[in-house]
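Here, each number is a calculation from the coordinates, and none is a lab measurement. Treat the numbers as computed from the prediction; the structure is a model and nothing was measured. So basically every Cβ, Gly included, is an ideal-geometry build from the backbone, and we count neighbours across all protein chains shown.
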Amino acid sequence: RQRRVEEKPKPRLNISIKGEAGPATVFISNLDTEASPEDVKTCFKQFGAIKACTLLYDHNGKASGHAEVTYSTKVAAEEAAAKLNNALADGRRLTVRLMPQTASQTQNLAPFAASALGASRKPRKHRRAGGRMDLD
């Protein structure tokens, strides 16, 4: 007689698929305050199609030296962050980071999923603290 030996199931991979295709946004710090959105787009378009490029300003309307670039694909955003983080641009060392996916990027999800991710939450108010903007 043969004994039947039961095989233990192999551990399953724990992966995330949601949001992997894109879009994805990188946050850029330490830009020259005289850089225009077109300047930023020209530099960052080498990694893929750009959906949006936004320069950030302080409460007086002065450029803060920060920008957000939204790529059509997450792969393009990851490549931009990997290759341009710590790059010298106009004598300044850039910081380029992949931003976490936001609720606005989940607008194509079912309404209940978007609200579960915080899309229905009111925007946070900003308060001024020592020359910079902080989130409450």
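Once R0 is set to 22 Å, what does the formula 1/(1 + (r/R0)^6) return for the Cβ-Cβ distance between ASP58 and GLU38, expressed as a FRET efficiency to the nearest 0.05? Mind dumping the intermediate values first?
Working: r = 21 Å, r/R0 = 0.95.
For R0 = 22 Å, the calculated efficiency reads 0.55.
Obtain the radius of gyration and the Kirkwood radius of region 22-85 from its C-alpha atoms and give Rg over Rh. Intermediate values should be presented prior to the final figure.
Details: Rg = 11.4 Å, Rh = 11.7 Å.
Radius of gyration over Kirkwood radius for region 22-85 works out to 0.97.
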